[in-house]
Amino acid sequence: MLIGMKALIATGRADEPVALADLDEPVPQPDQALVRVAAFSVNRGETFKLENPQGWLPGKDIAGTVVRAAADGSGPSAGERVVAHLPGGGWAELAAATTADLVALPPYVPFTTAAALPLAGITALRLLRAAGSVTGRRVLITGASGGVGHYVVELAAAAGAEITAVSATPERGRRLRELGAAAVVPDAAAASGPFDVVLESVGGRSLPAALARLAPHGTLIWFGQASREPVTLDFFDFFAGPEGATLRHFHYADAPGPYGPDLATLVGLVASGRLHPEIGRVADWAGTARVLTDLRERRIVGNAVLTLENI
Ligand SMILES: NC(=O)c1ccc[n+]([C@@H]2O[C@H](COP(=O)([O-])OP(=O)(O)OC[C@H]3O[C@@H](n4cnc5c(N)ncnc54)[C@H](OP(=O)(O)O)[C@@H]3O)[C@@H](O)[C@H]2O)c1
């Protein structure tokens, strides 16, 4: 028998993008565990998807407790604490999570911390792999004060990169310095290159300015457009610019294989004190619509996490 649950659904409205609804609990596939969600995070990409949800149930990043193990015997048992990355349906009391895309949590990693890891953390890991070794290399990252940016800065600095971070204000960029950024500048045009690697996710005027600071044979990885402003490039500027430069497509989901191994890496780094998720907002999930608006309007630094229970 199915038990009902509360879940956030997309409204398609800009002012109140989600609303609580009564839904049936999910029916897990044989390779899925049923998880009671304790906390979830919200990401900018999800705010974009909410504008045109087309039946999408929101929620990709969850942390919680397994209430029913997967029928095929894979993954953790009932009662284990886990973190998972889902295609959707995570902003709910219960979620079905594919066991290949979840990992168990050590008792000392809180649900709020774990929930901030999946999408932003996996993206950061895979971006840095796409960039190749950054040890001793100069790296520029735009949109650095967001969820992905904080992870990239800490991981790249620990790997020996000299990293310049772009953030609108010194206050929004303060933690990036502490995590190892050599410089924090207000826009890409103010960054003093040349850079071996540029990680660009703002769009508009940011991408051409960042591209112009690339070193010969450097790589710009284009992974987002937070400003929603399309990019205009002039071939002749590019032609006269860095010799042999590469402009590269990136989507975190393109890498083969499930998310579990990368989640395990992230949890392990947190557990050993080598990764410090920057969580700029923690709120009860009744306030999710407000948090989504604040994220969109650049009023949150790092990740935003919503909680479903007193944790
Ligand atoms: N390709 C992929 O696989 C992939 C995966 C994950 C995310 N993404 C994309 O990567 C970007 C970063 O993701 P995120 O989750 O870290 O986002 P986020 O937390 O919202 O951070 C984005 C940052 O961009 C900066 N920004 C600069 N100009 C902006 C503008 N006009 N409007 C909004 N933000 C602006 C903001 O920093 P300041 O206010 O400090 O300047 C903001 O903190 C997003 O565009 C997202 O869609 C792509």
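The values are calculated or read from the model by the stated rules, or taken from the named source; none is laboratory data. Here the structure is a predicted model, which is why all the values come from computation and not from measurement. Heads up, the Cβs are rebuilt from the backbone with ideal geometry, glycines too, and the neighbour counts pull from every protein chain shown. Ligands, DNA and RNA are stripped out before the accessible areas are found, and what is left, the full protein with its side chains, is counted by its heavy atoms. Shrake-Rupley method; radii C 1.70, N 1.55, O 1.52, S 1.80 Å.
Using the beta-carbon distance between residue 6 and residue 205 and R0 = 51 Å, what value does 1/(1 + (r/R0)^6) give for FRET efficiency, to the nearest 0.05?
E(calc), rounded to 0.05, equals 0.75.
Pick out, from 74, 208, 170, the residue whose Cα sits farthest towards the positive end of the charge dipole of the chain, with +1 on the Cβ of Lys and Arg and -1 on the Cβ of Asp and Glu.
Towards the positive end, the residue furthest out is 170.
Between residue 24 and residue 71, 0.36 nm times their residue separation minus their Cα-Cα distance comes to what?
15.0 nm
Given the options 157, 97, 286, which has the most mean-square fluctuation in a GNM of the chain, springs set between C-alpha atoms less than 10 angstrom apart?
Highest fluctuation of the listed residues: 286.
Could you work out how far apart the two model spin labels at residue 135 and residue 168 are, taking each label as a point 7 Å from the Cα in the direction of the beta carbon, and quote it in nm?
3.8 nm
With n ≥ 4 as the cut-off for DSSP H runs, can you work out [θ] at 222 nm for the chain, using -39500 (n - 2.57) per run divided by the number of residues, rounded to the nearest 500?
-7000 deg cm²/dmol
What does the accessible area per residue of the chain come to in Å², with a 1.4 Å probe and no ligands, DNA or RNA counted?
Accessible surface, normalised per residue, equals 44 Å².
Only Cα pairs within less than 10 Å get springs; with that Gaussian network setup on the chain, which residue of 239, 250, 48 has the largest fluctuation?
Among 239, 250, 48, the largest GNM mean-square fluctuation belongs to 239.
FRET efficiency for residue 232 and residue 190, Cβ-Cβ distance as r, R0 = 22 Å, nearest 0.05?
Once rounded, the FRET efficiency stands at 0.65.
Relative contact order (percent) for region 123-253, with alpha-carbon contacts under 8 angstrom and 6 or more residues of separation?
22 percent
Can you tally the net charge around residue 99? Count Lys and Arg as +1, Asp and Glu as -1, for every other residue whose Cβ sits under 10 Å from the Cβ of residue 99.
Taking every other residue near residue 99 into account, the sum is -3.
Based on Cβ point charges of +1 for Lys and Arg and -1 for Asp and Glu, what charge dipole magnitude is obtained for region 121-262 about its Cα centre, in debye rounded to the nearest 20?
240 debye
What is the gain in length, in nm to one decimal, between residue 299 and residue 56 on full extension, counting 0.36 nm per residue of separation less the C-alpha to C-alpha distance?
Result: 84.9 nm gained on full extension.
Roughly how many Å is it from the Cα centre of region 131-153 to that of region 225-296, as a whole number?
Cα centroid to Cα centroid, the span is 10 Å.
Below 8 Å between Cα atoms, with a sequence gap of 6+, how large is the relative contact order for region 44-199 in percent?
Reported relative contact order: 17 percent.
So, with a 1.4 angstrom probe, what is the percent of accessible area on the chain that is carbon and sulfur?
Answer for the chain: carbon and sulfur cover 54 percent of the accessible area.
Using DSSP to call loops (not H, G, I, E or B), can you name the GluC sites (Glu not before Pro) in region 229-311 whose Cβ has at most 14 other Cβ atoms within 10 angstrom?
243, 297, 309
Run the numbers on the chain and let me know its relative contact order in percent, using alpha-carbon pairs under 8 Å that are six or more apart.
Once divided by the residue count of the chain, the mean separation gives 18 percent.
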